[in-house]
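The values are calculated or read from the model by the stated rules, or taken from the named source; none is laboratory data. These numbers come from a predicted model, not from an experiment. Neighbour counts are summed over all protein chains in view; Cβ atoms, including those assigned to glycine, are modelled from backbone coordinates with ideal geometry. Ligands, DNA and RNA are excluded from the accessible area calculation, which covers all protein heavy atoms including side chains. Shrake-Rupley method; radii C 1.70, N 1.55, O 1.52, S 1.80 Å.
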Amino acid sequence: MNQTKEKQPCYEMKPYEKFLANGPESLTEAELLAIIIRTGTKTMDSLQLAKEVLALPKGQERGLLGLRYLSVSDLCRVSGIGQVKAVKIKCLIELSRRLSMADRRDRLQFTRPETVADYYMERMRYLQTEEVILAMTDNKNRLICDRVLSRGTVNCSLVSPREVFLVALEYHAVHILLIHNHPSGDAAPSRQDIEITEHLAGLCSMMQLPLLDHIIVGDGCYVSFKEAGLLK
């Protein structure tokens, strides 16, 4: 007679055994990370080592989210974390980011600024400097591809209209959008943001390449020039 397999008590299990017995949802963040790290040191096991790693971030974002800000060198400061383990951790973080973006991409509609902001916010909200992205769409407003146009200082990143048109023509774009981040977390457009957008929109009209929107993303917030009436 078949019997339903009962979940095993977790208090004596190591993370890998706990995973096999009860599934990944039963593991803490430290236990999940311990499986990735795999081995510990002479003085601490992989779970203790994982807890040391999660304790590294000291800023506004602590724990798992804070790992986004750490470099390989930062991770290697933990005794027992060498370059190989540090690279594995960084790859895990990048995979998580891409999974999140892939889920958002399914809901991406360039006629709805909130879906564009949601998609690119995950990609840009942790950047320490401004970055300008050109998104290009076809005649049905489907994404062809996007390209980083410039990376700037903490305060600003300049956009070259010539670069915009060269890239857009290369990919046979029918419409374009600009997306850029404000590392301060405040998405309110600056005077320079408004002037550059007005200038570019005028040139785009002459080139018969509509600028659909310019979206600024901050920390959990965004401003759409179209929604705000700043783009005709």
Next on the checklist: I'm trying to understand the selection: among the residues of the range 173-185, which are on the phi < 0 side of the Ramachandran plot, in a loop (DSSP other than H, G, I, E, B) and surrounded by 13 or more Cβ atoms within 10 Å (Cβ to Cβ)?
Outcome noted: A173, V174, H182, P183
Item to check | Residue in the range 113-128 that is out of contact with any Lys or Arg (no Cβ under 8 Å at 6 or more places or on another chain), at positive phi and not in a helix (DSSP H, G or I) present | outcome: no
Checklist entry - For the range 148-157, what are the residues that are of a type in the set (G, A, S) and either under 14 Å from the mean Cα position of the chain (by Cα) or assigned to a strand (DSSP E or B) (or both)? => result S150
Item to check | Failed condition for L64, given (1) surrounded by fewer than 16 Cβ atoms within 10 Å (Cβ to Cβ); (2) within 26 Å of E122 (Cβ to Cβ) | outcome: (1)
Next on the checklist: Among the residues of the range 136-147, are any under 16 Å from the mean Cα position of the chain (by Cα), outside any strand (DSSP E or B) and surrounded by 15 or more Cβ atoms within 10 Å (Cβ to Cβ)?
Outcome noted: no
Item to check | Of the criteria (1) out of contact with any Lys or Arg (no Cβ under 9 Å at 6 or more places or on another chain); (2) open to solvent by 20 Å² or more (accessible area, probe 1.4 Å); (3) among the hydrophobic types (A, V, I, L, M, F, W, C); (4) modelled with pLDDT under 95, which one V223 fails | outcome: (4)
Item to check | Test result for A168, more than 20 Å from A117 (Cβ to Cβ), surrounded by 18 or more Cβ atoms within 10 Å (Cβ to Cβ) and in contact (Cβ under 8 Å) with a residue 24 or more places away in the chain | outcome: yes
Item to check | For E163: the one exception among (1) farther than 20 Å from T111 by Cβ; (2) surrounded by 16 or more Cβ atoms within 10 Å (Cβ to Cβ); (3) among the charged types (D, E, K, R) | outcome: (2)
Checklist entry - Here are A21, A30, A34, A50: which of them is of a type in the set (A, V, I, L, M), at pLDDT 90 or above and either over 18 Å from V78 (Cβ atoms) or more than 28 Å from the chain's Cα centre (by Cα) (or both)? => result A21
Checklist entry - Can C91 be described as at pLDDT 90 or above, open to solvent by 50 Å² or more (accessible area, probe 1.4 Å) and under 20 Å from the mean Cα position of the chain (by Cα)? => result yes
Checklist outcome for this item: Sole miss for A188 among (1) exposed (fewer than 15 other Cβ atoms within 10 Å of the Cβ); (2) part of a helix (DSSP H, G or I) is condition (2)
Next on the checklist: Can you list residue pairs whose Cβ atoms sit under 6 Å apart, with the first residue in the range 27-38 being over 11 Å from L54 (Cβ atoms) and the second being surrounded by fewer than 15 Cβ atoms within 10 Å (Cβ to Cβ) and of a type outside the set (A, V, I, L, M, F, W, C)? Count only pairs 6 or more apart in sequence or on different chains.
Outcome noted: I35/Y16
